[in-house]
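To keep things clear, I will list the structure first and then write my remarks on it.
The values are calculated or read from the model by the stated rules, or taken from the named source; none is laboratory data. Everything numeric in this text was worked out from a predicted model, so none of it was measured. Cβ placement follows ideal geometry from the backbone for every residue including glycine, while neighbour counts extend to all protein chains displayed. Surface accessibility is based on the protein's heavy atoms, side chains included, excluding ligands, DNA and RNA. Shrake-Rupley method; radii C 1.70, N 1.55, O 1.52, S 1.80 Å.
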Amino acid sequence: MTRFALSLLATAALFTSACQAQDDPVELTEADAPEISETLADDSFREVPVSQAQMQLSFAPIVREAAPAVVNVYSTRNVQRQMDPFFNRFMRRQGPQQQGSLGSGVIVDSTGVVVTNNHVVEGADELRVVLNDRREFEAEILIADEQTDLAVLRIITDEPLPALALAQPGTAEIGDLVLAIGNPFGVGQTVTSGIVSALARTEVGVSDFAFFIQTDAAINPGNSGGALINMDGSLIGVNSAIYSRSGGSNGIGFAIPVEMVRRVVDAALTEGELVQPWLGARLQTVTGDIAQSLGLDRPRGALVADIYPGAAADDAGLRQGDIVLAIDDVDVNDEPGARFRYATRAIGDASRFAVLRDGERIVVEVPVEVAPGETEPARRLIEGRNPLAGLELVELSPAFNQEVGFDPFARGVVVLSIQRGSAADYFGFRPGDRVLELLGARVEEIDDIESLLDGQDDLKSWPIAIERRGRRQDANLQL
């Protein structure tokens, strides 16, 4: 039998979340419709059912086994009412209001482990999980990860619960039959059928790891976090997003593949937190122009454009100019696909990279490591009689950069905060400014700044160069 794949993930601009509480979708620009040539199918391919058994073929046995493991996730959050200050003088102060949202989830372990979308539970003060048989349970969050848009919950119960098995990675194929199970629009558990329309969709752009199963099974608001299952009744994806103008299903839904689901669930049950591996290589999708310049017969893979010294890619011996063709025996078509494959591996594992180097295909064993550095590095306050007095500085590292959203490859010293009323406040420094040069010397560490400031209390003119929002700014500060 063939399999089923469907999904739906929280979206930004062109995509809309399947979570009941999300905003209305954005109007999309209509694409030019392709020309369609009509043909008549050969009648020899059409057959009338010849038996009652053939007329009664059904997905019911699969649904009967899978449906009890698909749940409703109700989240409530307290929000403060915003009122015009004028009316506040005449009305009693109102307390916070409760705002609710509805999504779906999948029990993946009989002890009560539930996987859903992060956007379903984000900001929730209270979570309730309702089973298909109408039993209700409180739930706690084990992991809620914005980058993958996945969350893992634990139902608070001693009862064994029905659970869905996770499909083996890489078993879904385009054309497989799939079923989507969830609670669209809050009408109750609903099953829709379709096929896997596409795999490895990386142009969706609704999470940091854009790599989705596409399905034409109907997905609607409320389906977020629900199951996409194959004809074995195994979970192949978690529904997350739809491509829609009206907010309803247009037959283009997206699911997070089971490879990432398995990684997040494993992290929740073992490590207690999800730590993303960092390759330490800046990759670039091989376009037609790049393929032609490199002498390739067609665009394929991801080009290694830069390598961070001492990172996993550097330790493994990857080089600038290498083309990553496959990771762990799975072909890589572009940069997002390569990042997804590496991100599904646990810290401490090793990943096999098939790369093209000087026209020869070789295999490189790449360790799966975390980004070097500290996510919360030591802070240093600049004091004394100088224009930088009052600056709180930290040194950049890949770990810190990822935490705050900087370019992971950026190095040097950055302004974390400024003391109010200080000299640095007077001269207009801002958090996020990166100090490039001081007194004509290059700055790479905080020690460089402190060495340059030492013994310069009588200096009147202070040449400095900073980077602000990606642009270099030079100034000569006068005391």
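For the stretch 306-321, enumerate the residues that are in contact (Cβ under 8 Å) with a residue 60 or more places away in the chain and open to solvent by 40 Å² or more (accessible area, probe 1.4 Å).
Passing the criteria: D306, G310.
What is the number of the single condition among (1) touching a strand residue (DSSP E or B) at 6+ places or on another chain (Cβ under 9 Å); (2) surrounded by fewer than 13 Cβ atoms within 10 Å (Cβ to Cβ); (3) modelled with pLDDT of 90 or more that P160 does not meet?
(1)
Quick one: which residue in I155, I141, I107 is under 23 Å from A268 (Cβ atoms), at pLDDT 90 or above, touching a strand residue (DSSP E or B) at 6+ places or on another chain (Cβ under 8 Å) and open to solvent by 70 Å² or more (accessible area, probe 1.4 Å)?
Criteria check complete, one pass: I141.
Within the stretch 279-309, track down each residue that is farther than 22 Å from E365 by Cβ and in contact with a Ser or Thr (Cβ under 7 Å, 6 or more places away or on another chain).
Within the stretch 279-309, just P299 meets the criteria.
Being in a loop (DSSP other than H, G, I, E, B), open to solvent by 10 Å² or more (accessible area, probe 1.4 Å) and not charged (D, E, K, R): is that true of T148 here?
Against the criterion (in a loop (DSSP other than H, G, I, E, B), open to solvent by 10 Å² or more (accessible area, probe 1.4 Å) and not charged (D, E, K, R)), T148 does not qualify.
Condition test on T215, is it farther than 16 Å from V106 by Cα, among the hydroxyl-bearing types (S, T, Y) and surrounded by 19 or more Cβ atoms within 10 Å (Cβ to Cβ)?
So T215 fits the description; yes.
Let me spell it out: the conditions are (1) free of Cβ contacts under 8 Å to residues at least 60 places away in the same chain; (2) in a loop (DSSP other than H, G, I, E, B); (3) touching a strand residue (DSSP E or B) at 6+ places or on another chain (Cβ under 9 Å); (4) open to solvent by 30 Å² or more (accessible area, probe 1.4 Å), and V363 meets all of them except one. Which number is the exception?
With respect to (1) free of Cβ contacts under 8 Å to residues at least 60 places away in the same chain; (2) in a loop (DSSP other than H, G, I, E, B); (3) touching a strand residue (DSSP E or B) at 6+ places or on another chain (Cβ under 9 Å); (4) open to solvent by 30 Å² or more (accessible area, probe 1.4 Å), V363 is out only on (2).
L166 passes all but one of (1) open to solvent by less than 10 Å² (accessible area, probe 1.4 Å); (2) under 22 Å from the mean Cα position of the chain (by Cα); (3) at pLDDT 90 or above; which number fails?
Unmet for L166, out of (1) open to solvent by less than 10 Å² (accessible area, probe 1.4 Å); (2) under 22 Å from the mean Cα position of the chain (by Cα); (3) at pLDDT 90 or above: (1).
Look at Q94 and say whether it is open to solvent by 60 Å² or more (accessible area, probe 1.4 Å), of a type outside the set (S, T, Y), in a strand (DSSP E or B) and at pLDDT below 90.
no
Just to be sure, is V364 modelled with pLDDT under 95 and touching a Phe, Trp or Tyr at 6+ places or on another chain (Cβ under 6 Å)?
Taking the combined requirement at face value, the residue satisfies it.
Restricting attention to the stretch 219-230, which residues are at pLDDT below 85 and either in a strand (DSSP E or B) or open to solvent by 10 Å² or more (accessible area, probe 1.4 Å) (or both)?
Passing the criteria: N220, P221.
For L303, indicate whether it is in a strand (DSSP E or B) and touching a residue at least 12 places away in the same chain (Cβ under 8 Å).
It is true that L303 is in a strand (DSSP E or B) and touching a residue at least 12 places away in the same chain (Cβ under 8 Å).
Considering only the stretch 172-218, state which residues are at pLDDT 85 or above, part of a loop (DSSP other than H, G, I, E, B) and within 21 Å of R341 (Cα to Cα).
Residues satisfying the conditions are A172, E173, I174.
Could you list, in sequence order, the residues of the stretch 256-284 that are of a type outside the set (K, R), open to solvent by less than 50 Å² (accessible area, probe 1.4 Å), modelled with pLDDT of 90 or more and farther than 21 Å from D314 by Cβ?
The answer is I256, P257, V258, E259, M260, V261, V264, V265, A267, A268.
So, in the stretch 392-404, exactly how many residues are under 18 Å from the mean Cα position of the chain (by Cα) and over 18 Å from P277 (Cβ atoms)?
Selection size over the stretch 392-404: 1.
Yes or no: G301 open to solvent by less than 30 Å² (accessible area, probe 1.4 Å) and on the phi > 0 side of the Ramachandran plot?
So G301 passes the test.
Would you pick out the residues in the stretch 110-133 that are part of a loop (DSSP other than H, G, I, E, B) and at pLDDT 90 or above?
Correct list: S110, T111, G112, L131.
Across the stretch 251-300, what is the number of residues that are of a type in the set (K, R) and assigned to a loop (DSSP other than H, G, I, E, B)?
2
Which of the helices (runs of 4 or more DSSP H) contained wholly in the stretch 373-479 include at least 1 residues that are among the β-branched types (V, I, T), open to solvent by less than 70 Å² (accessible area, probe 1.4 Å) and touching an Asp or Glu at 6+ places or on another chain (Cβ under 8 Å)?
446-453
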